[in-house]
Amino acid sequence: MGIQDIIEGKKQWRAHTARVKALPPDYQIVYKEMQKYLFKVGPVDLFEGALLSEIVDFFEEGVAAGKGVVELIGTDVAAFCDDLIKDSRTYADVYQESLTKDSGAAEK
């Protein structure tokens, strides 16, 4: 990764955070909770993919339609996030695989 890639990545992240800040306060709160959850348990390729941007797109559409954030995702943020990443390889999967490998190596 070169310096240009780092600079471009920072520009994209700043543009992304500006979009989040333009959302109504209730949407911002829920987005930040989703972001925390996804950073903790989310897909391994979270930063390579467009999941966070797609969430902001979804939220912007909800705002434009005059819907509240709870109306869009429900009351359980974690369940909504889990549904978004259900087919993705997560850090929990990686951890589970490492435990399985370690226990398999210990048995030999």
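The values are calculated or read from the model by the stated rules, or taken from the named source; none is laboratory data. Just so it is clear, the model here is predicted, and its values are computed rather than measured. So basically every Cβ, Gly included, is an ideal-geometry build from the backbone, and we count neighbours across all protein chains shown. With ligands, DNA and RNA removed, areas are computed over all heavy atoms of the protein, side chains included. Shrake-Rupley method; radii C 1.70, N 1.55, O 1.52, S 1.80 Å.
Computed over protein heavy atoms with a 1.4 Å probe, the accessible surface of the chain works out to 70 Å² per residue.
Accessible area of residue 98 (1.4 Å probe, protein heavy atoms only, ligands and nucleic acids ignored): about 50 Å². Relative to the longest principal axis of the Cα atoms of the chain, the long axis of helix 3-21 lies at roughly 50 degrees.
Against the main long axis of the alpha-carbon atoms of the chain, helix 25-41 sits at an angle near 10°.
Multiplying the sequence separation of residue 79 and residue 64 by 0.36 nm and subtracting their Cα-Cα distance, what value in nm do you get?
Gain on extension, residue 79 to residue 64, equals 3.0 nm.
Farthest toward the dipole's positive end in the chain, which of 29, 75, 2, given Cβ charges of +1 (Lys, Arg) and -1 (Asp, Glu) about the Cα centre? Result: 2.
Temperature 20 °C, viscosity 1.002 mPa s: under these conditions the Stokes-Einstein estimate for the chain, based on its Kirkwood radius over C-alpha pairs, is 136 µm² per second.
Lys-Lys pairs in the chain that are eight or more residues apart or on separate chains and whose Cα atoms lie under 18 Å of each other come to 8.
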